[in-house]
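J.: Pasting in a structure now, in C-alpha coordinates, and then I'll have a few things to ask.
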Amino acid sequence: MVYYGIEALKYALLSIGIYFIGLMLTHLFAFRNERNMKKITMKRLVRLPLGYFSKKHWTAT
(Lines give C-alpha, C1' and ligand atoms only; values in the text may rest on other atoms or scores of the structure.)
Protein backbone atom coordinates (compact mmCIF):
# COMPACT_ATOMS: atom_id res chain seq x y z
CA MET A 1 0.00 0.00 0.00
CA VAL A 2 2.83 2.41 0.84
CA TYR A 3 4.47 1.55 -2.49
CA TYR A 4 1.49 2.90 -4.45
CA GLY A 5 1.46 6.07 -2.38
CA ILE A 6 5.14 6.69 -3.10
CA GLU A 7 4.60 6.00 -6.80
CA ALA A 8 1.65 8.41 -6.90
CA LEU A 9 3.70 11.10 -5.18
CA LYS A 10 6.63 10.50 -7.53
CA TYR A 11 4.44 10.87 -10.64
CA ALA A 12 2.67 13.90 -9.23
CA LEU A 13 6.00 15.65 -8.62
CA LEU A 14 7.22 14.60 -12.06
CA SER A 15 4.13 16.05 -13.71
CA ILE A 16 4.56 19.33 -11.80
CA GLY A 17 8.18 19.48 -12.98
CA ILE A 18 7.22 18.85 -16.60
CA TYR A 19 4.50 21.49 -16.37
CA PHE A 20 6.95 24.02 -14.90
CA ILE A 21 9.53 23.36 -17.63
CA GLY A 22 6.87 23.76 -20.32
CA LEU A 23 5.64 26.98 -18.77
CA MET A 24 9.15 28.44 -18.62
CA LEU A 25 9.86 27.47 -22.23
CA THR A 26 6.67 29.06 -23.52
CA HIS A 27 7.48 32.28 -21.65
CA LEU A 28 11.03 32.24 -22.99
CA PHE A 29 9.84 31.90 -26.58
CA ALA A 30 7.05 34.46 -26.13
CA PHE A 31 9.45 37.12 -24.86
CA ARG A 32 11.94 36.28 -27.61
CA ASN A 33 9.13 36.70 -30.14
CA GLU A 34 8.16 40.05 -28.58
CA ARG A 35 11.77 41.26 -28.77
CA ASN A 36 12.03 40.29 -32.44
CA MET A 37 8.76 42.05 -33.26
CA LYS A 38 10.04 45.24 -31.57
CA LYS A 39 13.30 45.04 -33.55
CA ILE A 40 11.48 44.61 -36.85
CA THR A 41 9.12 47.48 -36.07
CA MET A 42 11.96 49.82 -35.13
CA LYS A 43 13.90 48.93 -38.28
CA ARG A 44 10.84 49.74 -40.39
CA LEU A 45 10.23 53.03 -38.55
CA VAL A 46 13.84 54.10 -39.00
CA ARG A 47 13.61 53.47 -42.76
CA LEU A 48 10.52 55.67 -43.18
CA PRO A 49 11.16 59.03 -44.81
CA LEU A 50 11.01 61.97 -42.40
CA GLY A 51 8.25 63.66 -44.40
CA TYR A 52 5.93 60.75 -43.76
CA PHE A 53 5.15 61.93 -40.25
CA SER A 54 4.61 65.58 -41.15
CA LYS A 55 2.24 64.63 -44.00
CA LYS A 56 0.01 62.69 -41.65
CA HIS A 57 -0.40 65.76 -39.38
CA TRP A 58 0.47 63.81 -36.28
CA THR A 59 1.03 65.80 -33.16
CA ALA A 60 3.06 64.83 -30.15
CA THR A 61 1.00 64.52 -26.99
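J.: What tally of residues in the range 35-50 results from selecting those that are modelled with pLDDT of 75 or more and more than 23 Å from the chain's Cα centre (by Cα)?
T.: 4
J.: Of the residues Phe53, Phe20, Phe31, which single one is more than 16 Å from the chain's Cα centre (by Cα) and either among the aromatic types (Phe, Trp, Tyr) or modelled with pLDDT of 95 or more (or both)?
T.: Checking each option against the conditions leaves just Phe53.
The values are calculated or read from the model by the stated rules, or taken from the named source; none is laboratory data. What you see is a predicted model, and the numbers here were worked out from it, not measured in a lab.
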